[in-house]
Amino acid sequence: MREKSLRRLWTPLLAARSHRSRPYYRPVTANTPHPSREPDSRRSLLMLAALVCLGEVAALLVLTVVEVANLSSSRLVAGTTTAVFFLLYALGLGAAAVALVAVRGWARAPLMLSQLIQLGLAWSFHGPDTDWVATLLALSAIVVLVVLVLPSTTAALYGRAPS
């Protein structure tokens, strides 16, 4: 009896707190899973997307180091701004990938935007000598985009699939 009255007292407070922290309202009940306890298939898909993004972060960090190593006095400003851009982009992409592993809904939008930009970048690399770069960029972007738009991962990130 006492447990039911406590649940009636705390459920509205927990539901209100959940409503502010998630874009979609999901009532909190005793059966509502914690975001870190999502089913394994959802979490493994999110982990796959995050790992691909972390590979992209590693590539951006390598590009940053290469750009800094090739600085010369004739192109000091261009090289420095390019290196800073690559570094900031890598940090943002890495933060979004870590948030995706933590099942945070805000991570989806920046990751989708970066993957769409990467598809355009892959198209610009299309040519006889750089087809392998275009293929690598396009495949990694498509994998992440497909994972992010699946109804199961949308449900994991926002509490329900979009209607």
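Observations on the structure shown:
- Evaluated against (1) open to solvent by 70 Å² or more (accessible area, probe 1.4 Å); (2) under 28 Å from Ser44 (Cβ atoms), Asp129 falls short on exactly one condition, (2).
- Only listed residue being under 12 Å from the mean Cα position of the chain (by Cα), under 20 Å from Leu54 (Cα atoms) and buried (at least 18 other Cβ atoms within 10 Å of the Cβ), chosen from Ala141, Ala122, Ala102: Ala141
- Leu113 surrounded by 12 or more Cβ atoms within 10 Å (Cβ to Cβ), at negative phi and in a helix (DSSP H, G or I): no
- Checking each residue in region 131-163 for being part of a loop (DSSP other than H, G, I, E, B) and touching a helix residue (DSSP H, G or I) at 6+ places or on another chain (Cβ under 9 Å) picks out Leu150, Gly159, Arg160, Ala161, Pro162.
- Exclusive hit being at pLDDT below 95 and closer than 20 Å to Gly159 by Cβ, set Leu45, Leu76: Leu45
The values are calculated or read from the model by the stated rules, or taken from the named source; none is laboratory data. These figures come from a predicted structure and were not determined experimentally. Reconstructed Cβ throughout: ideal geometry from the backbone, glycine too, with neighbour counts over all protein chains shown. Ligands, DNA and RNA are stripped out before the accessible areas are found, and what is left, the full protein with its side chains, is counted by its heavy atoms. Shrake-Rupley method; radii C 1.70, N 1.55, O 1.52, S 1.80 Å.
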